[in-house]
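Down below is the structure, laid out as structure tokens.
The values are calculated or read from the model by the stated rules, or taken from the named source; none is laboratory data. Predicted, not measured: the structure shown is a model, and the values here were computed from it. Cβ: placed from backbone, ideal geometry, glycine included. Neighbour counts: every protein chain shown.
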Amino acid sequence: MAVSSLAVLGRGNALLDKISIGGEDRLIPPLPGKIDGTRGGLSKHGKFEGDISMTRLDAALGDLAAFQFEMYKNLLTPTSTISGMGISSPQRFLLSIVPTSMEHNPLLNWHVGRLGFSYGEAGFILELLRNCTSLPPSPSHSSHPLSPLTPTQPKPGHLTRSDMSSFFIDECFPPNWWRRESPFEFSDIRDAVDYVQDPYPVFPGRKDADGVYVLETREMNSFLGSVCAIYYDLFVPNILAVLLKTKDQRKKNMNKYLDGMFNLFEPLDCPHMFPEGPAEA
Ligand SMILES: *[C@@H]1O[C@H](CO)[C@@H](O)[C@H](O)[C@H]1NC(C)=O
């Protein structure tokens with residue numbers, strides 16, 4: 001719910017409860033007076049779509065929406081550069097793409113919320129896309145849920161390459177695939193982020209006008225250091241403040257989306273936050 005709320009608030013028409021899951025679409029009208037320019041849809045860069053992802057290029061470096069087969073191949077292929085570290089595919093892959101973006105993307109924006117998405121994808125891929133297991137978890141089970149992809153032998157409860165390709169390339173559910181046996185909670189995503197990030201920490205930040213990567217500070221995000229920093233970055237400067245000035249049914253829609261985000265962060269002791277973003281041309 002939080003992710004959909006963010007998507008509709010950031011890139012859809014929250015007043016009409018509509019969003020394009022691709023690019024701009026004539027079926028999704030812009031906000032009145034185009035106060036936010038065109039809504040663009042999910043694939044428009046900046047509010048929902050962001051830098052450093054597994055199979056898409058950074059917006060400043062090429063086609064941000066097109067599946068990149070080379071990246072996908074690299075995600076599945078152990079690299080020699082960082083081999084021998086005993087790390088899983090997404091960890092290794094992120095280690096290889098982060099420096100590329102740092103070096104080549106002059107507009108890189110990797111605020112703490114976006115960084116969470118970049119790392120959270122690893123958890124989505126391995127934990128959410130894996131086939132259900134009918135086996136009860138064994139207490140001596142030592143491998144972390146984000147253990148490496150099983151290359152050849154499909155094991156229940158693991159993500160196989162062919163299942164992964166079904167999702168990524170064919171954009172279909174794999175045959176004989178069952179969803180995981182328990183809900184994939186925010187805490188699972190956070191565990192995944194920590195697991196992938198901890199051995200080789202990188203820090204949130206963005207490129208300045210001179211192309212220097214400047215680390216995010218408490219002046220930019222006073223919640224830095226807590227999970228509420230993610231909520232702040234994705235929501236407060238990012239979402240249009242003027243959306244709050246709606247009435248009646250539209251106000252109800254807005255509140256539903258505002259709560260959609262808040263409900264995720266409330267149990268983590270974050271305060272209720274409100275959009276403060278500027279209108280865009
Ligand atoms: C996926 O899990 C279900 C339930 O355990 C099982 O019946 C099915 O055979 C599995 N599919 C594959 C491809 O392993």
Among the residues of the stretch 30-45, write down those that are modelled with pLDDT of 90 or more and either of a type in the set (A, V, I, L, M, F, W, C) or surrounded by fewer than 20 Cβ atoms within 10 Å (Cβ to Cβ) (or both). 42, 43, 45
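Taking the condition of being under 13 Å from residue 239 (Cα atoms) and either surrounded by fewer than 22 Cβ atoms within 10 Å (Cβ to Cβ) or in contact (Cβ under 8 Å) with a residue 60 or more places away in the chain (or both), how many residues in the stretch 1-27 meet it?
Total meeting the criteria: 8.
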Output the residues belonging to the stretch 197-215 that are in a loop (DSSP other than H, G, I, E, B) and either in contact with a Pro (Cβ under 7 Å, 6 or more places away or on another chain) or hydroxyl-bearing (Ser, Thr, Tyr) (or both). 200, 211
With (1) touching a Phe, Trp or Tyr at 6+ places or on another chain (Cβ under 9 Å); (2) part of a helix (DSSP H, G or I) as the list, and residue 270 as the residue in question, which single condition is left unmet? (2)
What single numbered condition from (1) in a helix (DSSP H, G or I); (2) modelled with pLDDT of 85 or more fails to hold for residue 194? (2)
Condition check: surrounded by fewer than 12 Cβ atoms within 10 Å (Cβ to Cβ) and charged (D, E, K, R). Does residue 256 satisfy that? no
